[in-house]
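Here the structure is laid out as structure tokens; the discussion comes afterwards.
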Amino acid sequence: MRTDPVGCTKEEDKDVFQNIYEVKQLAQEVQPVEEKPWRKSGADISDYFNYGFNEESWKTYCRKYAKLQAFQTQHIAKVMRERAKYEEVVSCASSTSGRPSKKSSR
């Protein structure tokens, strides 16, 4: 399997982008039902929305949550690439110094 310059496999990158795509798809799929019983006269909106949400604030919350998940996924991928890069550098440095690497001494 091929790796990029920082040591991540191309397959891992595909997984990250797939996760981001799924989050976007989920955000698009969260559509209010066509029939909106909370809009009927006499309906109590708190029966349908908790914590002070209403229809518009719920949509806003869903969009922000999807963005947060996408950011978190990207951040985790970046951290994993940096970690792999660091481990590769440490591995190369310890193999050229003549001392056993930390991984082999465990």
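The values are calculated or read from the model by the stated rules, or taken from the named source; none is laboratory data. None of the values given here were measured: they were computed from a predicted structure. Cβ: placed from backbone, ideal geometry, glycine included. Neighbour counts: every protein chain shown. Only protein heavy atoms, including side chains, enter the accessible area calculation; ligands, DNA and RNA are left aside. Shrake-Rupley method; radii C 1.70, N 1.55, O 1.52, S 1.80 Å.
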Of (1) at pLDDT 90 or above; (2) assigned to a helix (DSSP H, G or I), residue 90 satisfies every one except (1)
So is residue 53 in contact with an Asp or Glu (Cβ under 8 Å, 6 or more places away or on another chain), at pLDDT 90 or above and in a loop (DSSP other than H, G, I, E, B) or not? no
Mind checking whether some residue in the stretch 37-50 is among the β-branched types (Val, Ile, Thr), at pLDDT 90 or above, open to solvent by 60 Å² or more (accessible area, probe 1.4 Å) and out of contact with any Cys (no Cβ under 9 Å at 6 or more places or on another chain)? yes
The conditions are (1) part of a helix (DSSP H, G or I); (2) open to solvent by less than 90 Å² (accessible area, probe 1.4 Å); (3) in contact with a helix residue (DSSP H, G or I) (Cβ under 8 Å, 6 or more places away or on another chain); (4) at pLDDT 60 or above, and residue 63 fails exactly one of them. Which is it? (2)
